Amino acid sequence: MDDILIYGGYILVVLNMILYTYSFFQKEKANVFFICYLGFLIVIQFLMEVMYQIKMNNLYLTNVYFIGQMIFLGFFFNDILNAKDQKVFVKCSLAAALLVLLVQFFLDSSQFLKFNLFEITLTSLVVVVFALLHLYNMLTEYRQYYYITVGVVIYLLASTVLFLFGNLTNGLSNDIKYLTWALNAFLYLVYQLFILYEWKVSFSKKNCIKKI
């Protein structure tokens, strides 16, 4: 079951990368920042898998993952938000979050080598706010990247709770540790399915005429 969750997520993110890249180059429809985000996920997952297999500490890559995710999704939402003041808000929020994290790492560099609860919460909530802004806009605008946005909100909120809880599992049983990990892997799989469904609805051949 654990291999299904892990490698199922790997397969889906690679598939999504291929599909969205095809849509970008052949139809010039897919968002380039989101494609870069998918590529970033693949690289991080590959590195973590390799380091795990050779028994190297890969914990610090979780911090690279969360920071990179915030940056790429931040650029993604900045690109698809239409209101000028919202774009300014996204840029200022990204800059402020990165500055705060830079100060934290400068004061205590060890935070980069372990589960950084503050970083996880900050980077995830910043992206969730961007996603909620886009959802709000879609109440009166065209539903662009709707399923991706919903997937982002669900995945980041739920996975953040699990990561925060995971920091407390050192003193808990192995069964609870495994359950926490399995739930997060399942959430990631569901998240990739949201992304795949977005491609089917918005970029597949029979639906491409619906795009702006």
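The values are calculated or read from the model by the stated rules, or taken from the named source; none is laboratory data. None of the values given here were measured: they were computed from a predicted structure. For accessibility, only protein heavy atoms count, side chains too; no ligands or nucleic acids. Shrake-Rupley method; radii C 1.70, N 1.55, O 1.52, S 1.80 Å.
Miscellaneous remarks
- The chain: Lys pairs at Cα distance under 21 angstrom, eight or more positions apart or on different chains: 16
- Computed Kirkwood radius, in angstrom, where 1/r is averaged over Cα pairs of the chain: 18.2 Å
- Note that region 2-206 presents 53 Å² accessible area per residue, ligands and nucleic acids not counted, probe 1.4 Å.
- For Tyr178, solvent-accessible area (1.4 Å; no DNA, RNA or ligand), Å²: 110 Å²
- With Cα atoms defining each centre, region 115-144 and region 70-104 are spaced 10 Å apart in the structure.
- Angle in degrees between helix 84-107 and the longest Cα principal axis of the chain, rounded to the nearest 10: 20 degrees
- Rounded to the nearest 10 Å², the accessible area of Trp181 at probe 1.4 Å: 100 Å²
- Accessible-area ranking of Ile154, Ile195, largest first, probe 1.4 Å: Ile154, Ile195
- Phe106, Phe89, ranked by accessible area, largest first (probe 1.4 Å): Phe106, Phe89
- Across the chain, the mean sequence separation of Cα contacts (distance under 8 Å, 6 or more residues apart), normalised by length, yields a relative contact order of 24 percent.
- Ordered by 1.4 Å accessible area with all protein chains kept, Met56, Met138 run largest first as Met56, Met138.
- Accessible-area composition of the chain, carbon plus sulfur, in percent [1.4 Å probe]: 71 percent
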